[in-house]
Amino acid sequence: MRAWIALGLLCWGSFAQADGTRAAVPATSTLATSGTPTKDVVPGAIAAPNLFPRQSWLPPPPPPLSPPKPSAPPLPFKYEGQMEAEGGLRIFLSQQQKHLVVQEGDLIDGIYKVETVTPGQLVFVYLPLNERQPLNTGRTQ
């Protein structure tokens, strides 16, 4: 019991001042001072390793193919015949329900140009792509 009394006196003595008043104990606050909690470490700052990465025994997929180069549509003309005239060779063509008479250098619908005319073949140029397209006439003379 004496030990308890001695302990009490020691504790009381540390809080008492010389004039008999109690010493002020520094107050510690247990509440946060602002409405938002503060953290020393941001969760995203430390990247955790992926413990279960996706794995596959299959080979990786091939890279995507580049789109094919655009090409001219098939010729819409059908060879009907030809005639020798004063200005050169005249070619008769049909396009759906339309009949055309053309010669070398003519422009058809602003899309096709008759580039060369030979007895067995006509060569058209598809102007949007500047692509040459032959049309066989089946004639040798």
### Message
Being part of a loop (DSSP other than H, G, I, E, B) and at pLDDT 85 or above is the requirement here; does Leu65 meet it?
### Response
yes
### Task
Using the structure shown, decide if Leu122 is surrounded by 10 or more Cβ atoms within 10 Å (Cβ to Cβ), part of a strand (DSSP E or B) and touching a residue at least 40 places away in the same chain (Cβ under 8 Å).
yes
### Query
For segment 87-112, how many residues are surrounded by 11 or more Cβ atoms within 10 Å (Cβ to Cβ), modelled with pLDDT under 90 and either part of a loop (DSSP other than H, G, I, E, B) or in contact with a Phe, Trp or Tyr (Cβ under 7 Å, 6 or more places away or on another chain) (or both)?
0
#### Entry: Single condition Glu115 does not satisfy, out of (1) charged (D, E, K, R); (2) free of Cβ contacts under 8 Å to residues at least 12 places away in the same chain; (3) assigned to a strand (DSSP E or B)
(2)
### Query
Are there any pairs, at least 6 apart or on different chains, whose C-beta atoms fall under 7 Å, with the first in segment 95-109 and free of Cβ contacts under 8 Å to residues at least 40 places away in the same chain and more than 21 Å from Glu84 (Cβ to Cβ) and the second in a strand (DSSP E or B) and among the basic types (Lys, Arg), and if so, which?
Leu107/Lys113
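The values are calculated or read from the model by the stated rules, or taken from the named source; none is laboratory data. Owing to the predicted nature of the structure, the values given are computational and were not obtained by experimental measurement. Every residue, glycine among them, receives a Cβ derived from its backbone with ideal geometry; neighbour counts consider all protein chains shown.
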